[in-house]
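*Asks:* Input: one structure, supplied below.
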Amino acid sequence: MSLPEPVRRRLSDFSRTVFTDNNRTGPEGRSDDNVPDNELVSSLPLQMSLYFNLYFFPFWWVSSVVMLQLKYPALPDYYKFILVTIMIISSLIEVIRLYLGYMGNLQEKVPELAGFWLLSLFLQLPLILFLLLNEGLKIQPLERAVHIVFVAFLVFQVIVAFLALKKMVNQLAARFRLHEFDRLDNPLPSDRQGGPKTRVETPWAVGSPAEGIRSTSVGWGSAVRA
């Protein structure tokens, strides 16, 4: 199961715009890193937080539902509707968010990891902060405790996922530049014999580490596709 192709393209374009380091203009930008070109860029801290988050989420959900049931008669009608809606939306978001986080980090898929980062920062984090900070919801001690832990997970994952995305996108760009320099230094036999030449039109023609470097003209979307 993977993201629809239009969504992948949009997330790929977003990642290229936000996470690309424009100061790295050639392979010399990697000379100081002393890391191989096929280095794994999956984030261990992010994966550990996702693992613990996966087991914490059912506990958070049960605690929130039990507390909601206990205080439901004492809440105003509009807060009843808001709380039920937030619980449904946040539960759906969390399932999708954890799936994208696992797929994007373990398989080094930029669109999935970018979707995880966006869902965490712009949807899930504001919803949980609303549940934590709005005193009109008659917050109970157990609710406050589980919401604080959830917010800590989200803040940590937003920061670590941003760093992982930046590293992942820059590695793809650097691998493409190295490939282009290698082609200039070692032209293909067909190029020396005047045969048909392949022209690369975009700097994102690199697949996943398992696929190696492609020499055909591809877009940014195929550059990060596993």
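*Asks:* Among the residues of region 119-140, what is the count of those that are in a helix (DSSP H, G or I), touching a residue at least 24 places away in the same chain (Cβ under 8 Å) and either under 27 Å from Pro73 (Cα atoms) or open to solvent by 20 Å² or more (accessible area, probe 1.4 Å) (or both)? Before you say what the answer is, go through the steps one by one.
*Replies:* Going residue by residue through region 119-140, those that are in a helix (DSSP H, G or I) are 119-133, 135-137.
Still in the list and also touching a residue at least 24 places away in the same chain (Cβ under 8 Å): 119-121, 123-125, 127-128, 130-131, 136-137.
Right, trim to either under 27 Å from Pro73 (Cα atoms) or open to solvent by 20 Å² or more (accessible area, probe 1.4 Å) (or both) and you get 119, 121, 123-125, 127-128, 130-131, 136-137.
Looking only at that region, the number is 11.
*Asks:* Could I ask something else about it? I'd like the residue in region 36-65 that is surrounded by 11 or more Cβ atoms within 10 Å (Cβ to Cβ) and free of Cβ contacts under 8 Å to residues at least 24 places away in the same chain and, out of all such residues, is farthest from Leu178 (Cα to Cα).
*Replies:* The selected residue is Val65.
The values are calculated or read from the model by the stated rules, or taken from the named source; none is laboratory data. Remember, predicted model here, so these are calculated numbers, not experimental data. Heads up, the Cβs are rebuilt from the backbone with ideal geometry, glycines too, and the neighbour counts pull from every protein chain shown. Ligands, DNA and RNA are stripped out before the accessible areas are found, and what is left, the full protein with its side chains, is counted by its heavy atoms. Shrake-Rupley method; radii C 1.70, N 1.55, O 1.52, S 1.80 Å.
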